[in-house]
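Student: The structure's right below; bear with me while I get my questions together.
The values are calculated or read from the model by the stated rules, or taken from the named source; none is laboratory data. Please read all numbers here as calculations on a predicted model, not as lab measurements. So basically every Cβ, Gly included, is an ideal-geometry build from the backbone, and we count neighbours across all protein chains shown.
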């Protein structure tokens, strides 16, 4: 089948991955690290893929009700096997479903935390197969930015937080769409591959019904030099230098 089991270097957690479909990247790890949540919080991860974010959040937050929503049945099956592998079936639940009809699976205003690492790319030019798992994960084929933000706003309780990682080139659209659904950006952090390069990721926290005030946090630099992470990235990954 070509599957592999990866050590997440986090409390002994492991993840079953299929390189033929899609493997998680740094964006999922950074987003999980960006989330502030409590044990008592109900958490929902939209577009959860292979379940990497709910599984990481199970360790980071200690929460007992973590949910993931994913439209691709093969990814759901893979995620649920990882959950069983980590003995998390009593705390983490992955559901097959569409973010555009999120209230079929989760009641309105039922979550204290919603997260999402959505498809980033608008353009579908040159895609050979729009049903391919990798294409669906990277391109807005089955859902778009507004679908994700609308679903987050629907599920969140007032005063609670939505966390998202995305691409900086879409920041203007992100901010306008968050405002449309009454999700007020409160924190933002740009991620740079190298200190002298343009940012290639942005981490955002927005609060449902929050007051207008945003904190732009210091930049996160990934590499000191080619092949060598900065100290902060090593710390986030829990790796020894």
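Student: Given the criterion in contact with a strand residue (DSSP E or B) (Cβ under 6 Å, 6 or more places away or on another chain) and more than 21 Å from residue 33 (Cα to Cα), identify the matching residue among 172, 206, 179, 153.
Tutor: Details: 172 fails: in contact with a strand residue (DSSP E or B) (Cβ under 6 Å, 6 or more places away or on another chain); 206 fails: more than 21 Å from residue 33 (Cα to Cα); 179 fails: in contact with a strand residue (DSSP E or B) (Cβ under 6 Å, 6 or more places away or on another chain).
Selected residue: 153, the only one of 172, 206, 179, 153 that is in contact with a strand residue (DSSP E or B) (Cβ under 6 Å, 6 or more places away or on another chain) and more than 21 Å from residue 33 (Cα to Cα).
Student: Hey, could you check the stretch 86-113 for residues that are part of a helix (DSSP H, G or I) and touching a residue at least 40 places away in the same chain (Cβ under 8 Å) and say which is farthest from residue 70 (Cα to Cα)?
Tutor: So in the stretch 86-113, the residues part of a helix (DSSP H, G or I) come out as 99-104.
Adding the requirement that they be touching a residue at least 40 places away in the same chain (Cβ under 8 Å) leaves 99-100, 102-103.
Working: 99: 8, 100: 11, 102: 10, 103: 14 Å.
The qualifying residue farthest from residue 70 (Cα to Cα) is 103.
Student: Further, regarding this structure: What number of residues in the stretch 2-11 are in a loop (DSSP other than H, G, I, E, B), surrounded by fewer than 17 Cβ atoms within 10 Å (Cβ to Cβ) and modelled with pLDDT of 85 or more?
Tutor: Matching residues across the stretch 2-11 total 1.
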